[in-house]
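Below: one structure, written as C-alpha cells.
Nothing in this text is a laboratory measurement; each read-out follows from the coordinates by a stated rule. Predicted, not measured: the structure shown is a model, and the values here were computed from it. For neighbour counting, all protein chains shown are included, and Cβ atoms are generated from backbone atoms with ideal geometry for every residue, glycine included.
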Amino acid sequence: MTLADILASLFPEGHGVTVADGLVTGHGPLDGRTLHVVGIDGDTPLGVDGALTLSAAVLDVMRAADKAPILVAIDSDSQRMSRRDELLGLNECLAHLAKALLLADRSGHPTIGLIYGHSAAGAFIATALATRVLAALPGANPSVMDLPSVARVTKLPLEKLQQMAKSTPVFAPGLDNMVAAGAVHVVLDPERPLHAQILGLIADLPSHDVRDRLGQERGGRPVARDIAARVAGQARAG
Amino acid sequence: MPDVTDPQTLSWYEASARQRVANLLDAGTFEEFVGPAERAMSPHLPLFDLPRAFDDGIVVGRGTLGGKSVLAAAQEGRFMGGAFGEIHGAKLVGLLRAALDVKPAAVLILFDTGGVRLQEANAGETAIAETMRAITDARAAGISVIGLIGGRAGCFGGGGLIAGTCSRLAVSESGRISVSGPEVIETNKGAEEFDSRDRALVWRTMGGKHRRLTGSADAYCEDTVAAFRQAAIDLIETAPRFDLAMLEAEQGRLEARLHRFGACRDATEIWAQLGINDPDAVPAMTDAAFQEIAAGVTEASHDAR
C-alpha cells in the first residue's frame, strides 16, 4: 500500500496529514478522537534535520495532554550517511526522536508503528522500533543491512548467505525475519479497513515489552528471553 | 593480566571489559551475572564458522561505586567488535529491566561496540530497541544511566543511539561516538564524502574532544580507569530527569546546534564558533589543557539530555 492508500483507509472522513521532504506529519479523526501521524515516506534517509522535525511534532502532541494516539508510519532508507550528519551529532538527534516517542507512550499516548515500505538501521531504531506496538503491511521490507553488504562485511559469498537466509531468520533481511525476531508484533490485512485494525491495536496494547517473548515463540530469537530473565533474576536475588 | 591492577595507571583503551569493570567499581565488589561459567554462548556464530565467547562479549553484574550500589555492563570490543548479538543484547536488557526492582543508584554502561553484529542482525537490532526502552523506563523511575566511552571499538551504530538515551556520558579522546562509522560512510557514499583512512578527520568528527565541546558528552577523561571512575561518581550526582521539560530543552539545544553549525564543513569551524581561539591546536592538546578549555564552553554543559 502507498501512504495515500493507507491514509484513505485510516481516515475515511478525510485527514490533515501532509508530506514534505519525505517527512510525514499531521492528524486525522479516528473514532471520535484524534490520531496523530508522524513518519517517513518514499524511502527517505533520516538525518539530523528530519529527526528534529519529527521529534518536534511528537513533543507538540505531548503538550496537548489529551492522550491522543500517535501512528509512526515508515517507508525510509537507513540513517542519512554523511559527514555533516555525524559532525552535528546524528546519534543524539535519532536518540532524541526515540526518547520523544518513548516518553509519549509512557505519558499515555499510545504509539503504534506501521512499516509499509523499507526501513533500516538507525532510522528504523529511532522510529518504528521506538513504538509500543509495531505493525507491518505485506510487502514491507525492514532490514538491518542488505545481503550484498553483509557479504562484504562478513567476507562470505553472497550465494552462501542467500542459502543460509532461507533457514536462519536471525540475520536475514525482510519482513518475515523481523516478525520472527519479535520486532514486528503483527502483520495487518490490507484488504480490511486499517481504521478498525489500528483501533484494535490501540485497544489491546501490551502492558510491557513483549518482543523477546514473541521472538522466542516464533523462533527468530530463540534464547534472548531466557537470557534476559536469567540476568534479571540473578540481579534481583540480592 | 589480573583483573585488578592499579586503576591510576591502567589505560581504559587498552584494558579488557573485565579489567575495566573490576577497577572502575570499589575494589572487590563486582559480582557477575550469567558469567562465563554458565557458558551462555551465541547459538548463531557456529553457522558462520566463527568462534564464540563464554560471555558473548559483554560482562554484566553489580557492585558498589563510591559506596553506592550500582549495576554495570561492560562490552568487550575485542570480541566481534563488541557488537550486539542475541545473547550480548539480552544480557544488557535483563540488567536494565532488573534495575526497576533493584533500584541501584545508577546503571553504568561501559560501551565498546561497532553496533549490531551482522551475523545476528535482527536479534541485535531488536535488542538495541529493547535496551533504549528499558533505559527510559529506568530513567523515568529516577535511576541514572551513565555511559562511559573510551574503548578501542568506540561507540557506533545502534550503540550511538543507546548512548544518546543515557542520562550522562563520559568520554576520553579515543571515545568515538557516531551512527555511521567512517568505513560505512565511505563504502556507501564514497571517499570524497568521508575518507576513512584520514584518521585526523575521524577524530575531529567523531572523537571525544568534539563530542565534549558540543555537549554530546558531559565529561572528558584522561585515558585511565581512575579518571572514568571519578567521572562516573560525579555524573551520578547530576543526572537529568527524564520528562517533557527535559526533552523540550533537548529539542531546543539540538535545534540551536543545527542552526548555528549546520553550514560548517569541519569540526574546527564549529570549535571556532564556540569561542576557541586556536581550534587547529585542539587535536594535539593535552587532556589537562583541553579540560580547561572545555570548562569555558557554555554549550558543553547542560541538563538537556
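Structure above, values below:
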quantity	calculated
Nearest-0.05 FRET efficiency for A:THR2 and A:ALA64, computed from C-beta distance (R0 30 Å)	0.55
Positive-end extreme of charge dipole, the protein assembly as shown - chosen from A:GLY89, A:LEU205, A:THR154 (charges on Cβ)	A:LEU205
Percentage of interatomic Cα-Cα distances in the protein assembly as shown larger than 41 Å	15 percent
Shape metrics for segment B:1-128, restricted to C-alpha atoms - Rg then Dmax, Å	14.4, 44
Two-decimal Rg to Rh for segment A:101-204 - Kirkwood Rh, Cα set	1.04
Helical contribution to [θ] at 222 nm, DSSP H n ≥ 4, -39,500 (n - 2.57), averaged over chain A, rounded to 500	-13000 deg cm²/dmol
Partner chain coverage, peptide B:260-267 - average Cβ within 10 angstrom	3
Average Cα contact separation per residue, chain A, under 8 Å, 6 or more apart, as relative contact order %	16 percent
Mean shadow area of chain A, taken as a quarter of the surface of its Cα convex hull (nm²)	14.8 nm²
Cα centroid separation - segment B:51-83 against segment A:176-238, whole Å	26 Å
Chain B: calculated mean residue ellipticity at 222 nm from DSSP helix runs of at least 4, using -39500 (n - 2.57)	-12000 deg cm²/dmol
Rounded to 10°, Cα long-axis angle of helix B:225-237 versus longest principal axis of chain B	80 degrees
Counting DSSP beta bridges with both ends in the protein assembly as shown, the antiparallel % (nearest 5)	35 percent
Rounded to whole Å, sorted largest first: equivalent-ellipsoid semi-axes of segment A:26-137, Cα gyration tensor	23, 15, 11
Test item: B:209-215 mean partner chain Cβ contacts at 10 Å	2
Selection from B:ALA288, B:LEU274, B:ALA304, by position along the positive dipole direction of segment B:262-305 (Cβ)	B:ALA304
Segment B:1-42 - charge dipole about Cα centre, Lys and Arg +1 at Cβ, Asp and Glu -1, debye rounded to 20	140 debye
Total charge dipole magnitude, segment B:183-305, about the Cα centre, Cβ charges on Lys, Arg, Asp, Glu only, Debye to nearest 20	100 debye
Radius, Kirkwood style, for chain B when every pair of distinct Cα atoms is counted (Å)	19.5 Å
Chain B, relative contact order in percent, only Cα pairs under 8 angstrom and at least six apart counted	16 percent
Alpha-carbon centroid distance for the pair segment B:204-240 / segment A:53-69, whole angstrom	32 Å
Highest to lowest packing among A:35-44, A:183-192, scored as the average C-beta count within 10 Å	A:35-44, A:183-192
Over segment A:39-118, relative contact order from alpha-carbon pairs under 8 Å, at least 6 apart, %	48 percent
